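Here the structure comes first, spelled out in structure tokens, and everything after it is commentary.
Every read-out reported here was derived from the displayed coordinates using simple, explicitly stated rules and does not represent laboratory data. In this text, all values refer to a predicted model and were calculated from it rather than measured experimentally. Here the Cβ is made from the backbone with ideal geometry for all residues, glycine too, and neighbour counts use every protein chain on show.
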Amino acid sequence: MSTVIWDDYLEKLIESWRKEGEPSRTVSYLNRLRANALSRIESLRLPTIRDEEWRFTDISSLRNTLFPRASTASLPGLDSQKSTFLDEPTCRLVFVDGQYMPGLSGLTDDGSIIVCSLSELTGICASKTEQYLGQLADFQDDVFVALNTALMHDGICIVIPANVSITVPVHILYITSGKEVAAYPRCLLVAESEAEVTIVEEYVAWQEGVSLTNAVTEIYVGESARVNHIRVQREASQAFHIANNSTFVAKTAHYDSVNLALGARISRFDQKITLAGEGAECQIDGLALIADRQLADTHTFIDHASPHGRSRQLHKCIVDESAHGVFSGEIMVRPHSQQTDARQLNHNLLLSEKARMDTKPQLEIFADDVKCAHGATVGQLDKESLFYLQSRGFAEEVARNLLTYAFGGEIINRVIVASLRQRLEEYILVRTRIS
Amino acid sequence: MINANSKILLEVHDLHATVSGAEILKGVDITVRSGEIHAIMGLNGSGKSTFAKVLAGHPSYEVTRGTLLFDGQDLSALAPEERARAGIFLAFQYPVEIPGVANNQFLRLAYNTVQGQRGEEELDPLEFDDFVREKMKLLKMNPDFLDRSVNEGFSGGEKKRNEILQMALLEPRLALLDETDSGLDIDALRIVANGVNQLSNKDNALILVTHYQRLLDYIVPDYVHVMEAGRIIRTSGKELAQALETHGYDWIHTNEQITGALP
Ligand SMILES: Nc1ncnc2c1ncn2[C@@H]1O[C@H](COP(=O)(O)OP(=O)(O)OP(=O)(O)O)[C@@H](O)[C@H]1O
Ligand SMILES: [Mg+2]
């Protein structure tokens, strides 16, 4: 091809991926989508801190590495990955460095859930992919979504048929091997009308290393369906993690999400929820627990695009040492979205002098008959609570850790999968050093 | 119970303390021996809670003059947790709510910390559960309070009972109950007072801060002190509380004969 790509890093990146050969697709829709995304990348560039939406998140260090695609997805001792499996029966889908691993995956279900890898799309998955993939996560103005769409070499499509309740959680495990490679995993979840499902997306590192994950998940919540989505990011301490979740919530449907940002050197999570149908509801909760020189950036956008919608959001950050937390929470209430009820809270805890937090709640309300509230706080641990604990014999450090743990615990408690919640509690206990 | 030979637990002399630059305590003197029960009364804002917090080591309060000895040891060098482990307990006038920390976890950690300090056996969650339920019976507390966050959403009276539950678990040598009676209904007052009386013995001591004679009908003090503007201006026997209830605080300034009863 002779076109000039504007951003030379992207040019080199695309070039090197081309050399490795493009994965063949069985579905022509995917090939078209991919080609469109590729041509769109030509006029995009990596964002810089001069871009409003990236003001606080400097990703220029990404340019230091031209992350190649993992050639073979293999891990020494794959069996040892079992420690990251959940205790409950699950529908487990495992990716290693962006490649789907059927051998590690397994469905504990009566067969009512339909799962297809994007490289082998058939039946209903093929038609749902054509209907939704790339429709919810828009790549026109988002270079990372465009890159994921163009370069994804694997992904998964999950369909929950109408009126079906999946009782076991769907656990999607994205493992990074620690090699200096990029993973572009893609996930599409379609819950048809009155379907119910819990989905856990977990990003874990097999070992330390500088890697890049650029993930996109699209979720379609059909009429009166319920989706509970838990997202746990605990990548390696030097990793880049950039992810986009785009969710469409239909009439009287309900979408819950809990998002935990724990790992990575730099992480950016863009979450977009469109309450598209009348009476659609969502509850969006998040916790970033960061230390050292980590940066965790969460951007959420809740679009009240229909009347009688309800949204609840509680986002917390615990920032220790020289870490930097960023939260931007936008809530849009469109002109005809009367009787919208939206509430957003953002509470941030700074544990050291050098810790930094930038928070930007934004309400944009264009309807008049609505209930909207938001609030944000940035602070240290409460002195009176500390004294109360100390007066009961708790050493100051233990008291601090207990209060920190409690602050984060409010979000952890919203993880409805018991073994995962327990594991997260233990993780936070270790991080906050209470025994 | 007064016994002139029993050991001095708390010795406070000419204690001055400031908070945010304002002097609140202006020369407090009080001596408490083991086995004794003291009551401190006084107008709102006279410095009773300030004294309690200074005793417990609240970091916002600075001792600027005077001595504060517990069991012969200078308290001013000790962090709040060290005072607690040494056997000082403050039942707060306004107990703090701590969302996200389960009451049972909090109680067990506090109990084990103090037990560890005394070289005694710590309890695992199961053992502790049995132990704390027994103590709760003493205070007729519903065990459901164990599973809730510390004081979160507790009613005023429930918070006060939770304070006394902590006292029962930690078995302090010196307990200061700051208006534990306010907010308690009539039945709860009797239950809590009974509990406190059962915990009281010849080796520990109690300071009750209260506005009402009512509590002192149940927990009979050996001494009653009146605090005014950061000092203890009168000390007498239990009849002083009765007299104050009848005549009001102004009466103190016009009546000097009570001072004659000073020990
Ligand atoms: N941070 C502060 N700055 C200035 N003054 C303070 C501060 N904290 C407390 N005070 C003042 O100290 C005085 C004593 O307060 P304290 O709480 O000790 O009174 P108290 O005797 O316990 O009253 P009450 O019977 O109402 O409980 C009050 O006048 C109060 O306003
Ligand atoms: Mg007071």
Rounded to two decimal places and with Rh computed the Kirkwood way over Cα pairs, what is Rg over Rh for the stretch B:76-126? 1.00
Highest-MSF residue in chain A out of A:Gly286, A:Gly409, A:Gly98 [GNM, Cα springs under 10 Å]: A:Gly409
With a bin width of 5 angstrom, please list the P(r) values of the stretch A:314-435 as percents of all Cα-Cα pairs, from the 0 bin to the one holding the largest distance. 2, 10, 16, 16, 17, 14, 10, 7, 5, 2, 1, 0
Dividing the mean separation of Cα pairs under 8 Å (6+ apart) by the residue count of chain A yields a relative contact order in percent of 9 percent
Take the alpha-carbon positions of the stretch A:299-342, form their convex hull, and give its projected area averaged over all directions (one quarter of the hull surface) in nm². 3.1 nm²
Tell me which residues come under 5 Å, amide H to amide H, from A:Glu330 once H is placed; ignore anything under 5 positions away on its chain. A:Thr300, A:Phe301, A:Ile302, A:Gln362
DSSP beta bridges in the stretch A:71-206 [antiparallel fraction, %, rounded to 5]: 30 percent
Which one, A:Gly408, A:Thr167, A:Ser224, projects farthest toward the positive side of the charge dipole computed for chain A from Cβ point charges (K/R +1, D/E -1)? A:Gly408
Can you give the % of DSSP beta bridges in the protein assembly as shown that are antiparallel, to the nearest 5? 20 percent
Distances longer than 17 Å among the Cα atoms of the stretch B:199-246: what percent of all pairs is that? 33 percent
Amide H of A:Leu107: which non-local residues (sequence gap of 5 or more, or other chain) have their own amide H closer than 5 Å, using H built in the peptide plane? A:Arg92
Using only the alpha carbons of the stretch A:170-266, what is the convex hull's orientation-averaged projected area in square nanometres? 5.3 nm²
Per-residue HN-Hα couplings for the stretch A:201-218, Karplus 6.51 cos²θ - 1.76 cosθ + 1.60 at θ = phi - 60°, whole Hz, x for Gly and Pro? 10, 10, 10, 10, 9, 6, 8, 4, x, 8, 9, 10, 10, 10, 10, 10, 10, 10
Give me the inter-chain shielding for B:99-107: mean count of other chain Cβ atoms within 10 Å, whole number please. 4
Once phi is turned into ³J(HN,Hα) by the Karplus curve 6.51 cos²θ - 1.76 cosθ + 1.60 with θ = phi - 60°, what whole-Hz value does each residue of the stretch A:283-290 show in order, with x for glycine and proline? 10, 10, 10, x, 9, 10, 10, 9
GluC sites (Glu not before Pro) within the stretch B:203-259: DSSP coil, no more than 13 neighbouring Cβ in 10 Å: B:Glu256
For the stretch A:248-276 and the stretch B:200-230, what is the separation of their C-alpha centers, rounded to whole Å? 57 Å
Using helices alone, what [θ] at 222 nm do you get for chain A, with -39,500 (n - 2.57) per DSSP H run of 4 or more residues, divided over all residues and rounded to the nearest 500? -6000 deg cm²/dmol
For the A:Glu425, B:His247 Cβ pair and Förster radius 51 Å, calculated FRET efficiency rounded to 0.05 is 0.30
B:Leu43 versus A:Glu397, label points 7 Å from Cα toward the beta carbon: distance in nm? 4.7 nm
Once every Cα of chain B carries one equal point scatterer and solvent is ignored, give the base-10 log of I(q)/I(0) from the Debye formula at q = 0.08, 0.11 Å⁻¹, two decimals. -0.31, -0.60
Could you tell me which of rounded, prolate or oblate describes chain A, using a ≥ b ≥ c as the square roots of the eigenvalues of the alpha-carbon gyration tensor, with rounded for a/c under 1.5 and, failing that, prolate when a/b is larger than b/c and oblate otherwise? rounded
Pairs of Cα atoms under 8 Å, at least six residues apart: use those to get the relative contact order of the stretch A:176-300, whole percent. 23 percent
Write out the GluC sites (Glu not before Pro) in the stretch B:66-144 meeting two conditions: DSSP loop, and at most 11 other Cβ atoms within 10 Å of their Cβ. B:Glu120, B:Glu121
One quarter of the C-alpha convex hull surface, i.e. the mean projected area of the stretch A:210-323 in nm², amounts to 6.1 nm²
At R0 = 41 Å, FRET efficiency that the Cβ-Cβ distance of A:Ser71 and A:Glu410 yields, to 0.05: 0.40
Report, in listed order, any pair from B:Lys160/B:Lys202; A:Lys128/A:Lys251; A:Lys128/A:Lys316; B:Lys202/B:Lys238; A:Lys383/B:Lys137 with a Cα-Cα distance greater than 30 Å. A:Lys128/A:Lys316; A:Lys383/B:Lys137
Trypsin sites (Lys or Arg not before Pro) in the stretch A:234-325 lying in a DSSP loop, each with at most 13 other Cβ atoms within 10 Å of its Cβ, come to A:Arg293
When only C-alpha pairs under 8 Å and at least 6 residues apart count, what is the relative contact order of the stretch A:368-435, in percent? 28 percent
Env charge @ A:Gln380, Cβ radius under 11 Å, K,R +1 / D,E -1, value 0
Where is the GNM fluctuation largest for chain B (alpha-carbon springs, 10 angstrom cutoff): B:Ile98, B:Ile37, B:Ile164? B:Ile98
Taking chymotrypsin sites (Phe, Trp or Tyr not before Pro) as exposed when in a DSSP loop with at most 12 other Cβ atoms inside 10 Å, chain A has its longest clean stretch at A:7-365
Using a simple charge model, +1 on the beta-carbon of Lys and Arg, -1 on the beta-carbon of Asp and Glu, nothing else, what dipole does the stretch A:381-435 show about its Cα centre, in debye to the nearest 20? 160 debye
For chain A, set up a GNM with springs between Cα atoms under 10 Å and report which of A:Ala182, A:Ala264, A:Ala406 has the largest fluctuation. A:Ala406
B:Thr67 to B:Asn3: extension gain in nm, 0.36 nm per residue of separation minus the Cα-Cα distance? 20.7 nm
Can you bin the stretch A:381-435 into rounded, prolate or oblate? Criterion: square roots of the alpha carbon gyration tensor eigenvalues sorted a ≥ b ≥ c, rounded for a/c under 1.5, prolate for a/b above b/c, oblate for the rest. prolate
Ellipsoid semi-axes in whole angstrom, largest first, where each is sqrt(5λ) of the Cα gyration tensor of the stretch B:113-263: 34, 18, 12
